[in-house]
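Structure record follows, encoded as structure tokens.
The values are calculated or read from the model by the stated rules, or taken from the named source; none is laboratory data. Quick caveat, the model's predicted, so the values are computed rather than measured. Here Cβ is always computed from backbone atoms with ideal geometry, including for glycine, and neighbour counts include all displayed protein chains. Ligands, DNA and RNA are stripped out before the accessible areas are found, and what is left, the full protein with its side chains, is counted by its heavy atoms. Shrake-Rupley method; radii C 1.70, N 1.55, O 1.52, S 1.80 Å.
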There are 2 protein chains.
Amino acid sequence: MESAFSTLAEPNRRAILSLLAQSERSVSEIEQRLRMPQPSVSKHLRVLRDAGFVEARVDAQRRVYRIRTEPLMEVEAWLAPFRRLWSGHVDALERHLDRMDAPTRKKGKKK
Amino acid sequence: MESAFSTLAEPNRRAILSLLAQSERSVSEIEQRLRMPQPSVSKHLRVLRDAGFVEARVDAQRRVYRIRTEPLMEVEAWLAPFRRLWSGHVDALERHLDRMDAPTRKKGKKK
DNA sequence: ACTGTATATACCACAAACGGTATATGTCTG
DNA sequence: CAGACATATACCGTTTGTGGTATATACAGT
């Protein structure tokens, strides 16, 4: 897994990060909240950790994961030069999202 | 290719977008500037177009591609909730840190 | 219509990612 | 020490993405 972007390409990993954005969580907490099998959670956390997106704290048998911001700031930095292209009409995003699939917004968009 | 993020996972595609951020370009211009084979450029442009990142204008035999901002704004929107984790705004973490070493910190924000 | 140019697509081979299952490692409790 | 619990990893099969090459489509100029 080369870059921050390819790490974020996976929907489950983005979900994990969004969850961890609220507060740190143990593996089993993530497993329950996101309803995904434990090996899958561990594997995605491994990828996220290798890419620097999360770090783990050991608490007895648990590993509590929390976000590291550096890779996210990388993404932010890559995005920065494009921001001038839309700074001015901010509501274009809302129109776009509304057009996509309003009823089933929680998962990724379909093709 | 499901999401905006998986589209951005490819380095060549990010390079194309960065190039198009400066100005619109024809396929052959992209091919020359990025030194990648023409079929590769066309294929990546196809993916970018399907994901809404670019659109093409026809100019005789040329297709001139330019950026569309909506998917980039999607990324920006996904990133937004994380920004508080590193921004200079006053949130709980920041107040906590301020309490720990108040004397050396200035109160203004960075920008 | 023929030729050169610009761009798109079809096909193939290969590598890598993902989900699922089983198993290994490690830690706590009794 | 056993046995339960928490997490990680190994293995496997399938899918998907990517680069390369060849070819198809479209337009321009003569």
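A count restricted to the stretch A:35-71 and to residues that are away from DNA strand D (no atom under 13 Å from the Cβ) and either within 14 Å of chain B (Cβ to nearest Cβ) or surrounded by 12 or more Cβ atoms within 10 Å (Cβ to Cβ) (or both) stands at 8. Can you tell me how many residues in the stretch A:34-51 are touching a residue at least 40 places away in the same chain (Cβ under 8 Å) and of a type outside the set (D, E, K, R)? Qualifying residue count for the region: 3. Identification of helices (runs of 4 or more DSSP H) wholly contained in the stretch B:17-111 with 2 or more residues that are modelled with pLDDT of 95 or more yields B:27-34, B:38-50, B:70-83.
Screening B:R62 with (1) more than 14 Å from DNA strand C (Cβ to nearest atom); (2) assigned by TED's automatic domain parsing to the domain that holds B:N12 gives one miss only, at (1). Against the condition away from every other protein chain (no Cβ under 14 Å), within 11 Å of DNA strand D (Cβ to nearest atom) and farther than 24 Å from A:G88 by Cβ, how does B:S28 come out, does it pass? Against the criterion (away from every other protein chain (no Cβ under 14 Å), within 11 Å of DNA strand D (Cβ to nearest atom) and farther than 24 Å from A:G88 by Cβ), B:S28 does not qualify.
Evaluation of A:S26 against the conditions (1) open to solvent by 40 Å² or more (accessible area, probe 1.4 Å); (2) within 15 Å of DNA strand C (Cβ to nearest atom) shows that the sole unmet condition is (1). Of all residues in the stretch B:73-89, none are open to solvent by less than 80 Å² (accessible area, probe 1.4 Å) and within 11 Å of DNA strand C (Cβ to nearest atom).
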